[in-house]
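Starting off with a structure, shown below.
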Ligand code: UDP
């Protein structure tokens, strides 16, 4: 039986530091908990997406435990959450057995979001063994918690399970083209194994599971030193440094603003679906890295110089989600246009790194 009282609500307000925006919840209202004794655990809750998810859950009146080892999380993400009613932070690494601060509350836990894992290529490749174990052992620990608690479990998997895809756009049925020996394998194969564990728990009735495959996500609360393309390009442009394009810039990605991603995750957690299939969460608007540079240049309102760097090993040539399943099952699709999201993100980074942003461009965007 559900431990929580359910309240149906409409839109989600997703704050983004100085650039708070209100994003409509779309046609299908999200049903989320309100005012019960139930606890939601957010593993990786101090990270980029996790911190937005924690904030959105707190805004809905949830009691949450944010579990994070602070390996790649920014302290300021956490500071913005600490002190809010219903928020508890527990510093722990999911690779280790879960601490008593979690297990002693098992009876009250009824939702577990697992976002724990470094997600930017430079970060997840810095300690590949730990990255793999975070996905595999960490997911195992959290699934066992879900089983003991009778909680619903949501794994944030990744478009990286499709590798360098031969099928385009990527539907969930596509099994992927992943190297199990290359430098990205620690992340890709870790997430694939985590999915395997989650679906085995689901199939055998040990836990109710959901698996979200997140495509590239961006927005406020990213680490300026994350090494990902959106944060790199914006921070470089703001600082009048050359922007780095890896390879010839013809590779594509599809960028989803973080409030849309969080909306998708919350819908998936609360949706009345059987959870036996993964669901892509991403923005199907596909652009090349070269085009992203031009958009950033326009939004930041500065001329940029470009420096080319070698394309990283196994860098996927193209990526775009097919989101038909998310539309059908969750009533979800992204609402924030890429230029709007980039403008919010640029404004946030400008504040964060203390660089003035060209006002006309920022307001016009
Ligand atoms: N990239 C780039 N310049 C940068 C950082 C990344 O051209 O400063 C490229 C990278 O090679 C990849 C794409 O941008 O093709 C997206 O990279 P990111 O690290 O953001 O995420 P990925 O989708 O590769 O995990």
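For residue 82 paired with residue 166, estimate the spin-label separation in nm (one decimal), with each label point 7 Å from Cα along the Cα-to-Cβ line.
5.1
Another question about this same structure. Using r as the Cβ-Cβ distance of residue 291 and residue 104, and R0 as 51 Å, what FRET efficiency do you calculate, to the nearest 0.05?
Plugging the Cβ-Cβ distance into 1/(1 + (r/R0)^6) gives 0.50.
Dimensions of the range 253-365 along principal axes (Cα, Å, largest first)?
The Cα atoms of the range 253-365 stretch 50, 34, 21 Å along the principal axes, largest first.
For Cα pairs less than 8 Å apart in space and 6+ apart in sequence, what is the mean separation divided by the residue count of the range 148-214, i.e. the relative contact order in percent?
About 47 percent, as a whole number.
If you stretched the chain out fully between residue 173 and residue 340, how much longer would it get, using 0.36 nm times the residue separation minus the C-alpha to C-alpha distance?
57.0 nm
Rounding to the nearest 10 and keeping the result within 0 to 90°, find how far the Cα-based axis of helix 338-353 lies from the longest principal axis of the chain.
Around 90 degrees separate the two axes.
Ratio to report: Rg/Rh of the chain, with Cα atoms as the point set and Rh obtained by the Kirkwood method; give two decimals.
That ratio is 0.94, to two decimals.
So for the pair residue 327, residue 75, with labels modelled 7 Å out along Cα→Cβ, what separation do we get in nm?
Inter-label distance under the simple model: 4.6 nm.
Here's a follow-up. May I ask you to list the residues of the range 242-275 whose amide nitrogen lies under 17 Å from a point 7 Å from Cα along the Cα→beta-carbon direction of residue 351?
Flagged as within label range: 258-259.
Tell me, in nm to one decimal, what length is gained between residue 129 and residue 96 on full extension, where the rule is 0.36 nm per residue of separation less the Cα-Cα distance? Each step should come with its number before you reach the end.
Values: separation 33, 0.36 × 33 = 11.88 nm, distance 1.39 nm.
Extra length from residue 129 to residue 96 when fully extended: 10.5 nm.
Also, I was wondering about something else. Counting DSSP beta bridges with both partners in the chain, what percentage is antiparallel, nearest 5?
20
So what is the 222 nm mean residue ellipticity for the chain from helices alone, if each DSSP H run of at least 4 adds -39500 (n - 2.57) and you divide by all residues, rounding to the nearest 500 deg cm²/dmol? Walk me through the numbers before you get to the answer.
Numbers: 12 runs with 132 residues, N = 365.
It comes out at -11000 deg cm²/dmol, rounded to the nearest 500.
Could you work out how much longer the chain between residue 273 and residue 306 gets when fully extended? Use 0.36 nm per residue separation minus the Cα distance between them, nm to one decimal.
Numbers: separation 33, 0.36 × 33 = 11.88 nm, distance 4.65 nm.
The residue 273-residue 306 span can extend by a further 7.2 nm.
Need the C-alpha centroid separation for the range 52-71 versus the range 274-308, integer Å.
27
Every number in this text was worked out from the coordinates using simple rules, so none of it is lab data. Bear in mind that the values here come from a model prediction, so they are computed numbers and not experimental data. We place every Cβ from the backbone using ideal geometry, glycine too, and count neighbours over all the protein chains shown.
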